[in-house]
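Please treat every number below as a calculation from the coordinates, not as lab data. Since the model is a prediction, treat every value here as computed from it, not as a measurement. Don't worry about glycine lacking a Cβ; one is built from the backbone with ideal geometry, like all the others, and counts go over all protein chains shown.
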Amino acid sequence: MMKLFFLILFCAIFLTVSSDSDNMQDTCPTAQGEQSIFFINGYPCKNPTEINAQDFKSTKLTVAGDTDNYLQSNVTMLTASEFPGLNTLGLSVSRTDLERDGSVPLHSHPRSSELLFVVSGVVFAGFVDTNDKIFQTVLRKGDVFVFPKGLLHFCLSGGFERATALSFYNSQSPGVVNIGGVFGVDQERIVNITRSLVTDHDEL
Ligand SMILES: *[C@@H]1O[C@H](CO)[C@@H](O)[C@H](O)[C@H]1NC(C)=O
Ligand SMILES: *[C@@H]1O[C@H](CO)[C@@H](O)[C@H](O)[C@H]1NC(C)=O
């Protein structure tokens, strides 16, 4: 009985904190390539007579993004703009690939929490709460970690091999705020700050 109560409570809380507004029809795949003359919260739907199973499938995460860059990482993000079937469902997904010394430096998603699932390799992950407290840990294959909505967070490779992780977001458009961006702070500095947060790997 008690379990049932908590289950109902959990569902009620989850439904009220779920991020995007509810859909009002079964599906509404993003109408792509059409210039919109009006602006709404989300994307206009494709013509219902033209919706098919392919709108709900994407092969864009089957390959690693190109990690030949300064961060030695790549985040391939699939939001409702890249993956039509997500429109109105309050969901999105991404694939993160990290080379041996790769990093995804401090950033936040203003509209979504993130559930990170490690597919391979070792990942140091952490977030900073509104009291400036850092929560960090080491993740291995199959481990899952949560970055709460809007909080600054980061990922670094464990440094022994390539790492790959998938992330799931409770928004069709989580948004990304990179610290430093508008202030012109050097990206290298942000990476150094991020690395300095991971103090002692052995203790994690
Ligand atoms: C991430 O990978 C994609 C696909 O390979 C590439 O187009 C993009 O430039 C890469 N991003 C960075 C920052 O290297
Ligand atoms: C970042 O750290 C590296 C290695 O410790 C150092 O050589 C570099 O000067 C630092 N860069 C900045 C902008 O702080």
- Inter-label distance for T59 and V182, nm, one decimal - labels placed 7 Å from Cα along Cα-to-Cβ: 4.1
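Given the DSSP H assignment, sum -39500 (n - 2.57) over each helix run of at least 4 residues in the chain and divide by its residue total; what's the result at 222 nm in deg cm²/dmol, nearest 500?
Numbers: 2 runs with 27 residues, N = 204.
Computed ellipticity for the chain at 222 nm equals -4000 deg cm²/dmol.
To the nearest 0.05, what FRET efficiency results for C45 and R189 with a Förster distance of 25 Å applied to their C-beta separation?
Working: r = 43 Å, r/R0 = 1.73.
The calculated FRET efficiency here is 0.05.
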- Message: How tilted is helix 187-197 with respect to the longest principal axis of the chain? Cα atoms for both, answer in degrees (0 to 90, nearest 10).
- Response: 70
- Message: Between the stretch 53-129 and the stretch 144-204, how far is it from one alpha carbon centroid to the other, in angstrom?
- Response: 11
- Message: Mean-square fluctuation check for the chain, GNM, Cα pairs under 10 Å: which of N41, N23, N178 is largest?
- Response: N41
- Task: For L152, enumerate residues with amide H under 5 Å from its amide H, sequence gap 5+ or separate chain, H modeled in the peptide plane.
- Result: V128
- Averaging over all projection directions, find the projected area of the Cα convex hull of the chain and quote it in nm² with one decimal place. 15.0
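Could you give the dipole magnitude of the stretch 72-203 about its Cα centre, charging the beta-carbon of Lys and Arg +1 and that of Asp and Glu -1, in debye to the nearest 20?
Dipole of the stretch 72-203, to the nearest 20 debye: 320 debye.
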- Query: Expressed as an acute angle from 0 to 90° and rounded to the nearest 10, what is the orientation of the C-alpha long axis of helix 2-17 relative to the principal long axis of the chain?
  - Reply: 80
- Message: Give me the one-decimal nm value for the distance between modelled label points at D129 and D68, 7 Å along each residue's Cα-to-Cβ direction.
- Response: 4.4
- What residue among F160, F147, F117 shows peak mean-square fluctuation when the chain is described by a Gaussian network model with Cα springs under 10 Å? F160
- Using a Gaussian network model of the chain with C-alpha springs under 10 Å, which one of V177, V63, V123 is most mobile by mean-square fluctuation? V63
